[in-house]
1. Of the numbered conditions (1) surrounded by fewer than 22 Cβ atoms within 10 Å (Cβ to Cβ); (2) of a type outside the set (Gly, Ala, Ser); (3) closer than 30 Å to B:Arg58 by Cβ, B:Cys133 satisfies every one except a single condition; which is it?
2. May I ask you to verify whether A:Asp135 is among the acidic types (Asp, Glu), closer than 16 Å to A:Cys40 by Cα and in contact with a Phe, Trp or Tyr (Cβ under 9 Å, 6 or more places away or on another chain)?
3. Can you find even one residue in segment B:110-129 that is of a type in the set (S, T, N, Q) and in contact with a helix residue (DSSP H, G or I) (Cβ under 9 Å, 6 or more places away or on another chain)?
4. Which of the residues belonging to segment B:26-55 are over 10 Å from B:Leu131 (Cα atoms), within 9 Å of chain A (Cβ to nearest Cβ) and in a loop (DSSP other than H, G, I, E, B)?
5. Which residue, of B:Gly23, B:Gly10, is touching a residue at least 40 places away in the same chain (Cβ under 8 Å), within 14 Å of chain A (Cβ to nearest Cβ) and not aromatic (Phe, Trp, Tyr)?
6. Here is a list of conditions, (1) more than 21 Å from A:Gly158 (Cα to Cα); (2) in contact (Cβ under 8 Å) with a residue 60 or more places away in the chain, and A:His117 meets all of them except one; can you say which number that is?
7. Does B:Arg107 satisfy the condition of being touching a Ser or Thr at 6+ places or on another chain (Cβ under 8 Å), buried (at least 20 other Cβ atoms within 10 Å of the Cβ), under 28 Å from A:Leu139 (Cβ atoms) and without any contact (Cβ under 8 Å) to a residue 60 or more places away in the chain?
8. Among the candidates B:Gly65, B:Gly10, single out the residue that is in contact with a helix residue (DSSP H, G or I) (Cβ under 9 Å, 6 or more places away or on another chain) and on the phi > 0 side of the Ramachandran plot.
Number of protein chains: 2
Amino acid sequence: MSDPYGVRPGEVSAPSPEDFDAGLYFIGRIRTPWTRREDCPKNARESDALCTIEVDERWAAALSGVETCTHLIVLYWMNQARRDLVFQVPAHYGTGRGTFALRSPVRPNPIALSVVHLLGVQGTSLSVCGLDCLDNTPLLDLKPYFASTDAAPEARVGWHAEQKRKG
Amino acid sequence: MSDPYGVRPGEVSAPSPEDFDAGLYFIGRIRTPWTRREDCPKNARESDALCTIEVDERWAAALSGVETCTHLIVLYWMNQARRDLVFQVPAHYGTGRGTFALRSPVRPNPIALSVVHLLGVQGTSLSVCGLDCLDNTPLLDLKPYFASTDAAPEARVGWHAEQKRKG
């Protein structure tokens, strides 16, 4: 298991399309304490590590008003993840699931999403809690978190609840 | 105001970088009742319109287990939005804000995010509530919504609360 992005028994690959349909700009970098994948926290909510989002100067004016938000949605690019697996067997679950039922970084478009607590803004640097990605991960977007549309505390992931129940 | 993506007084544009840093695949389409931007609901949570997410057959196996989720995070591509505005004056607010303090489709990477209620899965079609985008919008990703990490009901967008207070 030396390659964390290899294919495990039972996993299914689908050939990627030949061409891209749209392009992304990396708009900054995320600085975290973790330089190896195995050191990243399994659940960002359980980590209180302070991380820094460094937005490129080009987008400085886009941060106006962000400081009034308690929480942000951060979109970032899992640039080390393969994109062709449609059915995966995560090591810590041992059961196969479809990619769209998982939060694995391995997906056709490896865009990751974290809800972070915003602690402060200094120029184009944001201090946040709630990330679990590798140091230097490319940033794609920041959005204000609106509880009215983004919070669904009643939501349930059935397969996950069942797995926990079984222990 | 015939061009909904024009530049309003007070808005600020930043030149886009010359090259893209990564590429996206469109993995399906979102079918909604709205074919004109002015018909889309202002707040998806206030809409109970039934929408359909059509995932391309190529990714069919990736849907295994999705049917056990009550809520999904949907990422999609706002393919009609310009990408160069860093400071915007939304017509319904009248006050300028930075792009990253807004949920406007106009942003460097026009990736939109909605939390939807999953009503059913039929093959590669998902029936959902909670979308507000145009018919035929390109789909980028589907993720299971985990209340433990994605729900922050206490979150507050300061500028928005202040605006509502003032009426």
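1. All conditions pass for B:Cys133, except number (1).
2. Yes; evaluated as a whole, the condition is true for this residue.
3. yes
4. Scanning segment B:26-55 gives B:Phe26, B:Ile27.
5. Result: B:Gly10 is the single residue among B:Gly23, B:Gly10 that is touching a residue at least 40 places away in the same chain (Cβ under 8 Å), within 14 Å of chain A (Cβ to nearest Cβ) and not aromatic (Phe, Trp, Tyr).
6. (2)
7. yes
8. B:Gly65
Every read-out reported here was derived from the displayed coordinates using simple, explicitly stated rules and does not represent laboratory data. Computed from a predicted model, the values in this text were never measured in an experiment. So basically every Cβ, Gly included, is an ideal-geometry build from the backbone, and we count neighbours across all protein chains shown.
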